Structures are given as structure tokens and as C-alpha cells.
Amino acid sequence: MDILLEDVLDSMDDPIYILNKNADFIFVNKALVEMSGYSRNELLAFNALELEKKGTIDRSVTKTVLQTKQKIIACQHVTKKNKVVNKLMITQTPIFEADGEIKYLIGVLKNVSDINEHYREAVIKNEVTVFHHKDEDTTELAFNNIIAESTAMKRLLESVSKLASYDTSILILGESGTGKEVIANYIHNISPRSEKNLVKINCASLPETLLEAELFGYEKGSFTGALETGKVGLVETAHNGTLFLDEIDSLPLLLQGKLLRVLETKMIKKIGSVKEIHSDFRLITATNADLDELVKKKQFRQDLYFRLNVVPIRIPSLRERPYDIIPLAIHFLKDYCRKYNKTKYFSKNVFDIMLNYDWPGNVRELKNFIERMVVMSSTSVIELQDIPKGILTDFSLKENDFSLVNRNIFRDLISDKNYNSLFDLEHKTYKELMEEYEEELIKHAMEKYKTTYKAAEVLGVNQSTIARKTRKYDFK
């Protein structure tokens, strides 16, 4: 192989290999060596068609490309030399002879988690993100377009998608503002009951007497103030559909018992009636409370808790899924620019603050913040000074982000590096200090662990991040 071409391929972040027409490895770049844990000579002794038989890969993309003579893009599980399994996206492209026969196969691997990071970095590295108002369809976000760039949310949606086809009860757990109702909508909309009603009620929104009437309905003249026509209850309305009870922890104990009986018999009795009515519904409940603790305090029935908790689904807080912050912000910015006929921009500095803020109110707080900035900012470009005092001001490096930095490396670095230099607050800006610390941290990690893959593993980031930083700071 041409020496220049080999150097170019060796300098690339993504693992790359070249196979001959017999599927023998004839070239592997440095990134593949580091990722796999095998030496270059060991890799060059492999045949791609044999890797599936050995269990090194879960499926042979090479076999398909040789058969179809077409480029293939697929996900593949690859077992490294240390037995760790990586999920990779593989692109394998055939190179042809003049007679149309395959001469070489070129494979490019990319860690699936890197793709999300590249997207996020591409967004936040732009100085501004622009949305112009257009006469676009103002339809609300479709149920199958939930913003989910983080691994945590994608796994949650995968689990929910599998559960949606079954009628089992689902309990959605999560902090206030995480989007429990959104997930309930999603479950209903992809379930076999999607053509029927999705009936919702917040159990904390009504006093006990009215809540019972809303849930189970009543006959005319049942109580003072009752409608002359009587009322159909929400449980009956949900027949053949889905009933969603939000803040189920607020359901009074008396109604908890009635709900339990309905769940067990699928029969309801209106207030003032002796007749029972059948209602076949799927139940989804949600809460931000600790039901286990409420059961211990005798504030929630244990038998009802067991009945509801068949399949618990926990929605992670926004601070637990930082990869979703920027995509969500962009989505809300677009929506509100369209709604209010505005053209707005967010500076990179504002995006940086969004990423470093804890968002105690989760997605709801982020959405409200975006709407406020679109409506209240006086200029098209929204800068730090445009954020009202008291909003997003107590941001700091989140603990779950800082935990990505190995504490031992941090302590080693401080002992090796002059403390006053790294924390010279009087003479250096925040940005200068952070860049200096980052440079020393990565340099120290590379000296200690030798490869970008090992350094990335210890620091809890992607290998491509370490590779880019080593080039940025010009050291190996």
C-alpha cells in the first residue's frame, strides 16, 4: 500500500480495515488496533468470514457484501481481545475490478455512542442556531418523534415499544417535569388500543368527592349538584382504550380500594347505581413520589401498589441525560419561533450554560425557559446578558459529569502540577483555566495509559474525544 495513504488512514479516528476478495485482512489502521486490543499482526492473520464462527462478531457483513456486491451499513457487536463487547456501526464498501468482480472490501467502524456526541458537538460548536418563521405545519410533536438522543432515553423507548402491545399495567416513575404524560401518550399511540380513547386525569387536581364522580360517574339525582342527566365516568369512557391516572399517589385511600376492585373485575358501579358496567381498559399510572415509602406509612394500599407496579418504567431526569438538552432546546426554539412568528438565535455561550445547568424542573423547566427567552428577549441573538437575573444563574459542573473524571487522575495531576498555576483566578479567565486543566488532564492520562482508547475508558468519554484533544494540544 502507498505509504502516504497508509499514513492518512492511520491518522483517522475511526477504525478502518481493508480486505481482499477472499476476505483476508490486508490492512488495519492504528485506531482499529487500539479499539480491538489485538496487535496489527494478529489482525492481519484474520479472515473476516471466520470471525462470525469464532464469535468475535455477531453477524458477518462481509458475507452479505460479497453476495450482493453492494455497500452495507449495519450495526455489529464486536468482541475485543479483552472480551469486552462494543456496539459499532459498520460501513463496508466493495471496490471492483474492471470485469466487475470484487477486488477489495473497505470497512469503517464507528462507535454508536460517538455518533450522538458528534451530533451534539456539531450543534453547540456553531456560534448561533437559527430558526426563521415559515408557514409550516403547526401540528404538535408526533408521538413517534420524541426527542431522544441520549442512550438512556433510547433504551427507555425501546423497552416501552416492546411493552406497548401488551395490556399489562404500567407505572411510570420520574421527577416532576420529566415527561411522564408524553410517555403515556407514546405507549397508547403505538398500542393496539390506539384507535380508541386515551382518557387522562390528574388525581391531585380534584377533591375526593369530585374525583370519585369523575372516575366512576353517577346517576341523576345522586347528590346535590349532580347533573339531571347523570354522568359517564372516565373509567367507562376508557372502554377498549387506555386510562391514564397521573399523580396516582394523591388518590385517596377510599378510592384506592374502589380502583383495585375495578382493576380486578373490570366492572364499575356509578354513584347512586346498583348496576355494574363492564369496562375493558388498559391502565397506565404515573407518580413522582416514592410509593414504597407511602406503603410503609400506610398512605398507599400495598395490594394496589402490587397491582400497579407490574411493569415500572423510570424516566431519567434531564441532568441524567445531558445529550438530550441541546436537541430538546432546538426543538422548543423552533416551535416557539413558529408559534410567535419570531426569528431567534441562541449564542454558543447560552448553550454552554444549558449544558452545565442542573434543570431541577427537567424538560418542563427547559421548555418554559425557551418560551420565555423567545417572547421576552429584545434582540434576535440571545446572549448571556439577555437571561433575566435569577434564571440559570446557579449553574455549575454537574456531579454526574464531573464523576466522568477519574478522581485518582485528578489527585495525581494536582500533585504533579503547581496548584497556583491551575487555579490562578486573578490572572486567567474561566475559559483559559479550563483549557489549561483539560490539556494537563489529557496529557497526564495519555502518559499514564498510552492509548487514546484506554485514556477514554478511564476518563469516561469517547475515544474520538481524546483523539481530537490530543491533536488540539499537539501531543501524542
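Can you give the Rg to Rh ratio for the range 151-314, taking only C-alpha atoms and Rh from Kirkwood?
Working: Rg = 15.9 Å, Rh = 16.3 Å.
That ratio equals 0.97.
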| Nearby lysines by direct alpha-carbon distance to residue 21 (threshold 22 angstrom, same-chain neighbours under 8 apart not counted) | 53, 54, 63, 69, 71, 103
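Are there any GluC sites (Glu not before Pro) in the range 151-250 that are in a DSSP loop and have at most 15 other Cβ atoms within 10 Å? List them by number.
195, 228
Over all distinct alpha-carbon pairs, what is the Kirkwood Rh of the range 282-340 in angstrom? Numbers along the way, then the final one.
Details: mean 1/r = 0.0681 Å⁻¹.
For the range 282-340, inverting the mean 1/r across all distinct Cα pairs yields 14.7 Å.
Each reported figure results from applying straightforward, stated rules to the coordinates on display, with no laboratory input. These numbers were taken from a predicted model, which means no experiment stands behind them. Counting neighbours? That spans all protein chains shown, and the Cβs are built from the backbone with ideal geometry, glycine included.
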